[in-house]
Amino acid sequence: MPSRSPPSRPLPPRSAAPLRDAAQLIAGVEPPVAAGEPTPETIEAALGRVKLAKRNTAIAREVLIGGLDFETAMARYAIKRPALRVILDLVTTEARTPPGWRRVEFWLPDTVADQVEDLGRHAIGLPPKIRRPRGSWRAADRTIDYDAAALAGQVRAKMQDQGMTYRALAAAIGLSNSQVWRVTEGDPVADDAVLKVRIWLETH
């Protein structure tokens, strides 16, 4: 008796211009309300959605909600700085995601990939992506010549003197948590962030 093949699913209708149809769908999406910086509530909700080990969930909760500084977290959990930043970036990105939205990734030809990506950014209220050749440095908003390591040392010293957490510092200066992390790590940041940090150092 011949074996029966499983019933095949009906194929979706084929479009003569699938990319054009996708672009129209994306362009018709209403941008969500700007969420702003993650709150303890949105971070806690994000921790329930992302797939993290219990240890990594505890690390993220203590740093992002409890205000634990990087050095203490690294010593307490024997974790290196790059791994810690990956965990925190994963959680904060999820916390910023509008309810009912999710990220998708797919491959497209170079000729249309940039356009589709910009349509997607427009749909969530972001400006078009600034693109530059590989290996080039984005210098348009990093024109201030400053010692990033020295600035990081000044900020960390003042944080310690005033007993400030990263979240408190971000709120005081008017930067995002990720910008504060970059400043305190001595990573280069945009001109507006450098100016805000300098003003805060001079007035506090």
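Quick note: the coordinates plus some simple rules give every number you see, no bench work behind them. Here the structure is a predicted model, which means the values were calculated and not measured. Counting neighbours? That spans all protein chains shown, and the Cβs are built from the backbone with ideal geometry, glycine included.
For segment 19-117, a crude dipole built from +1 on the beta carbon of Lys and Arg and -1 on the beta carbon of Asp and Glu, taken about the Cα centre, is about 580 debye to the nearest 20.
Using r as the Cβ-Cβ distance of VAL50 and ASP21, and R0 as 22 Å, what FRET efficiency do you calculate, to the nearest 0.05? Provide the component values of the computation, followed by the final result.
On the way: r = 32 Å, r/R0 = 1.44.
The formula returns an efficiency of 0.10 here.
Residue-wise HN-Hα couplings along segment 82-98, as the Karplus relation 6.51 cos²θ - 1.76 cosθ + 1.60 with θ = phi - 60° gives them from phi, are x, 5, 5, 5, 4, 4, 5, 5, 4, 6, 5, 5, 5, 5, 8, 5, x Hz; Gly and Pro carry x. VAL29 sits among other residues whose Cβ lies under 15 Å from its own Cβ, and their net charge, with Lys and Arg +1 and Asp and Glu -1, is -1.
Shape verdict for segment 148-203, please, from the Cα gyration tensor: rounded (a/c under 1.5), prolate (a/b greater than b/c) or oblate. Walk me through the numbers on the way to the answer.
On the way: a/c = 1.30, a/b = 1.20, b/c = 1.09.
Rounded, since a/c falls under 1.5.
Of the chymotrypsin sites (Phe, Trp or Tyr not before Pro) in segment 52-111, the ones in a loop by DSSP (not H, G, I, E or B) with at most 13 other beta carbons within 10 Å are TRP101, PHE106, TRP107.
Count charges around GLU41 for me, please; just the other residues with Cβ under 14 Å from its Cβ, Lys/Arg as +1, Asp/Glu as -1.
Working: positive: ARG49, ARG61, ARG96, ARG167; negative: GLU37, GLU44, GLU94.
Net charge in that neighbourhood comes out at +1.
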